[in-house]
1. Can you give me the distance in nm between label points at E42 and T59, each placed 7 Å from the Cα along the Cα-to-Cβ direction?
2. Taking Cα pairs under 8 Å and at least six residues apart, what relative contact order does the stretch 101-190 come out at, in percent?
3. Could you order the peptides 190-199, 130-139 from most to least packed, using the average number of other C-beta atoms within 10 Å per residue?
4. Express the accessible area of the chain per residue in Å², computed with a 1.4 Å probe while the remaining protein chains stay in the model.
5. When the chain is modelled as a GNM with alpha-carbon springs shorter than 10 Å, which of D221, D25, D202 fluctuates the most?
6. Name the shape class, rounded, prolate or oblate, that the alpha-carbon gyration tensor gives for the chain, where a ≥ b ≥ c are the square roots of its eigenvalues, rounded holds for a/c under 1.5, and otherwise prolate holds if a/b is larger than b/c and oblate otherwise.
7. If a/c stays under 1.5 just call it rounded; otherwise compare a/b with b/c (prolate if a/b is bigger, oblate if not). Do that for the stretch 185-230, with a ≥ b ≥ c from the square roots of the Cα gyration tensor eigenvalues.
8. Would you mind telling me the share, in percent, of accessible area of the chain contributed by carbon and sulfur at probe 1.4 angstrom?
Amino acid sequence: MQETAAPNHLLNLKGVEIGKVVDFDLSTDRLYPFNFTVSNTELSPEILADTAVFSDWITDHLSKANARYGIGGYDEHRTIYARSHHFDSDEEPRRLHLGVDIWGPAGTKVYNFYDAEVHSFKFNDHYGDYGATIILKYTINGQVFHALYGHLSLDSLTGLSVGQKIAKGTAFAAFGIPEENGHWPPHLHFQLIFNLYTAHGDYPGVCQFSQKAAFLLNSPDPSAILKHTFKAALI
């Protein structure tokens with residue numbers, strides 16, 4: 001990504017009705033705010049090193065909180081990426097999260113929040129990567145942007161084609177199991193992106209802290225979309 005090429009405008013959703021991303025009933029369902037920064041000393045290296053143990057840790061916290069989903073992560077400087085060399089580099093490791101994660105059971109349906117078309121898709125099959133990934137392109141109020149849906153099931157990629165229209169409200173994907181989602185506990189990585197540059201089926205969801213300003217400018221806060229799913233429950 002070229003830092004100087006990042007847009008200097010905000011997401012324009014004025015007057016637009018935005019749909020849900022996952023099923024959520026405000027009257028019965030709860031969200032649990034996960035914290036994956038260094039301040040969470042409960043999340044030990046031993047837990048992070050084993051995907052099954054990490055998955056059990058996530059499930060246990062959701063169960064104890066009686067929460068349907070866990071959520072969080074935008075602009076969060078995380079320690080959990082130390083579990084994978086995918087986020088390492090010689091100069092500076094990538095640790096700043098650029099999207100919002102929704103943690104829940106594998107198979108959870110993912111819905112399109114507005115009419116879109118398929119920009120690209122890919123199975124990013126590396127330990128710690130996105131696994132099955134879909135990027136949709138949106139044009140709202142004359143503004144073009146994209147949403148990256150990561151850590152999906154492999155079945156979510158079946159039958160897709162570039163340029164394919166996906167109507168608002170369509171259940172077009174599902175949370176993947178660890179073997180299909182980059183070896184993470186089941187969840188959705190949801191990220192908004194203005195400029196994809198040359199990326200197809202992939203785009204950094206985690207950046208170096210020194211590049212925070214440019215990347216956050218290009219990936220605005222997804223709560224602008226997710227607040228329509230979670231309403232007052234969104235933290």
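The values are calculated or read from the model by the stated rules, or taken from the named source; none is laboratory data. Everything numeric here is computed off the predicted structure, so don't read it as measured data. Methodologically, a virtual Cβ is constructed for each residue, glycine included, from the backbone with ideal geometry; neighbour enumeration extends over all protein chains shown. Accessible surface is based on the protein model in full, side chains and every heavy atom, while ligands, DNA and RNA are left aside. Shrake-Rupley method; radii C 1.70, N 1.55, O 1.52, S 1.80 Å.
1. Each label point lies 7 Å from its Cα, and together they span 1.8 nm.
2. This gives 41 percent for the stretch 101-190.
3. Numbers: 190-199: 18.6, 130-139: 22.9.
Ranked by mean Cβ neighbours within 10 Å, highest first: 130-139, 190-199.
4. Values: 10630 Å² over 235 residues.
It amounts to 45 Å² per residue over the chain.
5. Most flexible of the set in this elastic network: D25.
6. Working: a/c = 1.39, a/b = 1.15, b/c = 1.21.
Verdict is rounded for the chain.
7. Working: a/c = 1.60, a/b = 1.40, b/c = 1.14.
The shape class here is prolate.
8. 52
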